[in-house]
Amino acid sequence: MVDDATIDRVDAPPGGEDLLTLLHRGPLETPPWQAFLSRLQSHVGAEFCGMFFRQGDAHITDSTEISAGDPQLEDLMPQYKAGFHALDPVPYDSLAPGRVHALGEFIEPGNPLHARYLHEFLIPGRRQFQRIMRVTAPGGYNAVLVIWRGETDFSGDVDALLAGFAPHLAISLQLYSVIERERVHAGICGEAVRRLNFGWLRLDARGHVLDRDAQADHLLRHGDALRMGPGGRLQLRSAEASRRLNEALRDFASDPLARPRAVRLSDEPWLDMLLRPAGDHVLSGPARPVVTAYLHGDRQTGVSRIDQFVHLFGLTASEARLALAITRGRTIAEAAAELGISEQTARGYSKIAYGKTGARGQADLVRILLTSAASLA
């Protein structure tokens, strides 16, 4: 683990200033630490330098490997995973973080398993002289740095160099763990947003699109309810929606605290837009964002969504059609007229839909259908 006190007192190991820069840059590379390992291999005269990192209780054979080495050396990892790992005497999980170990510390004279590992795997693979160092980071991350040669052992200067890198490598691993965690979280959130069919646009006072996310870009390129006009100005198919957008642009430009407003863009496929004052811009000028527009639609057609409600909640097709109309803002009377049924029949369908979905009323039905797992399917 790395604490604030450790961060305050770490210095570059002697002769390793350039390597230290590469080590700190490592978490931002793809793959991480590749440049550091390549330079370290050359600096210490190793035939191989590798980082094996993993999270939680994963076995060393399930580690992610980033390495630099002689391309003519045979990759022995398949053989290692196939059986030699059981002979490996190094207790990777219990190595003291930051301490540099020589492989010879773990080879017991007279131990036949260790002798077999040495003579059948290490020596033929030119990796009998090794240095091994483990570091840890919050979140259960472990990284093991391994270097090896096949002819001569490493000197004490190399041991000192690696030991000097230990606190820096731990900090770098901690940074990597934060980046990786945020990447995973962003991926999960992005997938949820994609499935919910949300997107956003940033507009200036004249309605020009200043920025947008991938989902909004897709809608602009492939939808017909909105598109990019000449000069990058947002254009809406509906005259009423265009009027309300222009009204919002005017109001928000003069009053950054004006109330948000919603604009329906399309019924089939269903798409609407929430307009809010940008409010968080830091620059002024002609390109100053005035409006943030959140787009929300249904990725499925009405027919597909009805079929989904049938299968997820056990609704009949008639009940599902009424439920869909309600989720799209129709009153019971409006839904009845749209579906060509009496209002009494529509109310009967709604009560059945409440029971099957567990809704306590019309508003709760809308919430369940729009914010439950059904919206992600």
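The values are calculated or read from the model by the stated rules, or taken from the named source; none is laboratory data. Just so it is clear, the model here is predicted, and its values are computed rather than measured. Neighbour counts are summed over all protein chains in view; Cβ atoms, including those assigned to glycine, are modelled from backbone coordinates with ideal geometry. For accessibility, only protein heavy atoms count, side chains too; no ligands or nucleic acids. Shrake-Rupley method; radii C 1.70, N 1.55, O 1.52, S 1.80 Å.
Which of the helices in the chain, when you take each full DSSP H run, stretch at least 18 Å along the axis at their Cα atoms and have an average Kyte-Doolittle score of -0.5 or higher? Could you put the intermediate results ahead of the total?
On the way: long enough: 156-196 (58 Å, 0.43); 239-254 (23 Å, -0.72); 343-357 (21 Å, -1.12).
Flagged H segments are 156-196.
Cα gyration tensor of the range 200-243, axes a ≥ b ≥ c as square roots of the eigenvalues: rounded (a/c below 1.5), prolate (a/b > b/c) or oblate? Display every interim value, and only then the final one.
Values: a/c = 1.71, a/b = 1.09, b/c = 1.56.
It comes out oblate by the Cα gyration axes.
Remark: the chain carries 51 Å² of accessible area per residue (probe radius 1.4 Å; ligands, DNA and RNA excluded).
Ignoring GluC sites (Glu not before Pro) that are buried or in helix or strand per DSSP, and keeping those with at most 15 other beta carbon atoms within 10 Å, what is the longest stretch of the chain between them?
The segment 152-377 is the longest one with no such site.
Mean residue ellipticity at 222 nm, helices only, the chain: -13500 deg cm²/dmol; runs of at least 4 DSSP H residues each add -39,500 (n - 2.57), and the sum is divided by the number of residues.
At a 1.4 Å probe radius, which order do Tyr294, Tyr117 fall into by accessible area, largest first? Numbers along the way, then the final one.
Details: Tyr294 90, Tyr117 10 Å².
So the residues, ranked largest to smallest area, are Tyr294, Tyr117.
Taking amide H positions as modeled 1.01 Å from N, with prolines and chain starts lacking one, the residues under 5 Å from Gly229 and 5 or more places away or on another chain are Leu234, Gln235.
Solvent-accessible area assigned to carbon and sulfur over the range 80-140 amounts to 56 percent, based on a 1.4 Å probe. Working from the Cα coordinates of the range 306-377, the gyration tensor eigenvalues give, after taking √(5λ), semi-axes of 18, 12, 11 Å in decreasing order.
Could you work out the percent of alpha carbon pairs in the chain separated by over 29 Å, rounded to a whole number? When all Cα pairs of the chain are counted, 62 percent exceed 29 Å.
Need one word for the range 27-77: rounded, prolate or oblate. Basis is the Cα gyration tensor (sqrt eigenvalues a ≥ b ≥ c); a/c below 1.5 gives rounded, then a/b vs b/c decides. Present the calculation step by step, with values, prior to reporting the outcome.
On the way: a/c = 2.36, a/b = 1.36, b/c = 1.74.
Oblate, since a/c reaches 1.5 and b/c is not below a/b.
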